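What follows is a short report on a single structure.
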Amino acid sequence: MIGYAICGSFCTLSHSLAALRRLRADGFDVLPIFSSSVHTTNTRFWQTEEFKTAVTGLCGGREPIHTIVDAEPLGPAMPLEALVIAPCTGNTLAKIAQGITDTPVTMAAKAHLREDRPLLLALASNDSMSANLENISRLLLRKQVFFVPMRQDDPERKPHSLVADFTYISDC
């Protein structure tokens, strides 16, 4: 089973859902994990219940983990083959890089990395090439942490922004 964590880069949630759909079509058993903001925030992109229903349906009725307490066993007690964070926001990236564990997704990542298993990050952040560049560098050097290929999504209007190409998730 692989974990599939979803953070609040709300404009990329449709891309994340498409990547999850491809993983399931490829035969992967998936455990969904939601950040607190994805679990509780309605946006112009998705309504919380609509998104939760879509993810739960894709994951065979499996409800998303959405609390720190429920994410903690994902290391030793409930090992995953891999953990994907898609999208991984700059906030979550920074917390993982600095060892901060105060959300369901960062707890899942910490618990998972304790077992030296692969963590795949699909970054979606407006400050990737400024405030978060140091955190990207830190994680590039970390064992078992991998990045989905990424690009600038709008170099003129958002010159510091990077977004992963979610179509590569199932290839990784």
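The values are calculated or read from the model by the stated rules, or taken from the named source; none is laboratory data. Everything quoted here is computed from the prediction, not taken from an experiment. Neighbour counts run over all protein chains shown; Cβ positions are idealised from the backbone, glycine included. Heavy atoms of the whole protein, side chains included, go into the accessibility calculation; ligands, DNA and RNA do not. Shrake-Rupley method; radii C 1.70, N 1.55, O 1.52, S 1.80 Å.
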Checklist outcome for this item: Residues whose modelled amide H sits under 5 Å from the amide H of Val84, counting only those 5 or more places away in sequence or on another chain, are Gly3, Tyr4, Ala5, Leu120
Item to check | Taking the chain and dividing mean pair separation by its residue count, relative contact order in percent (alpha carbons under 8 Å, at least six apart) | outcome: 23 percent
Checklist entry - In the stretch 97-167, which GluC sites (Glu not before Pro) fall in coil by DSSP and have 10 or fewer other Cβ atoms within 10 Å? => result Glu156
Next on the checklist: Before I look further, what does the stretch 1-54 give for accessible area per residue, probe 1.4 Å, in whole square angstrom?
Outcome noted: 45 Å²
Checklist entry - Under 27 Å from the Cα of Lys52, which lysines turn up, not counting those fewer than eight places away in the same chain? => result Lys95, Lys110
Item to check | Cα Rg, Dmax, the stretch 1-102, angstrom units | outcome: 13.0, 38
Checklist entry - Top to bottom by accessible area (1.4 Å), largest first, where do Asp102, Asp165, Asp26 land? => result Asp26, Asp102, Asp165
Checklist entry - Once every DSSP H run of n ≥ 4 in the chain is given -39500 (n - 2.57) and the sum is divided by its residues, what mean residue ellipticity at 222 nm do you get, rounded to the nearest 500 deg cm²/dmol? => result -9500 deg cm²/dmol
Checklist entry - If the stretch 121-172 were replaced by its equivalent ellipsoid, with semi-axes equal to the square roots of 5 times the Cα gyration tensor eigenvalues, what would those be, largest first, whole Å? => result 19, 16, 5
Item to check | Net charge of Cβ neighbours under 14 Å - reference Asp153; Lys, Arg +1; Asp, Glu -1 | outcome: -1
Next on the checklist: Calculate the FRET efficiency for Thr67 and Glu156 from the Cβ-Cβ distance with a Förster distance of 25 Å, rounded to the nearest 0.05.
Outcome noted: 0.05
Next on the checklist: As a test of reading the structure, rank Leu162, Leu83 by solvent-accessible area (1.4 Å probe, protein chains only), most first.
Outcome noted: Leu162, Leu83
Checklist entry - With each label point set 7 Å from Cα along the Cα-Cβ vector, what nm distance links Glu49 and Ala25? => result 2.9 nm
Item to check | Candidate values (1) 0.94; (2) 1.15; (3) 1.21, label of the one derived for Cα Rg over 2.2 N^0.38 Å | outcome: (1)
Checklist entry - Which value, in Å² rounded to 10, gives the accessible area of Leu120 with a 1.4 Å probe and all protein chains present? => result 20 Å²
Checklist entry - Quick one: with all protein chains in place, what share of the accessible area of the stretch 32-98 is carbon or sulfur, to the nearest percent (1.4 Å probe)? => result 54 percent
Checklist entry - When only the heavy atoms of the protein chains count and the probe is 1.4 Å, how do Thr40, Thr101 rank by accessible area, highest first? => result Thr40, Thr101
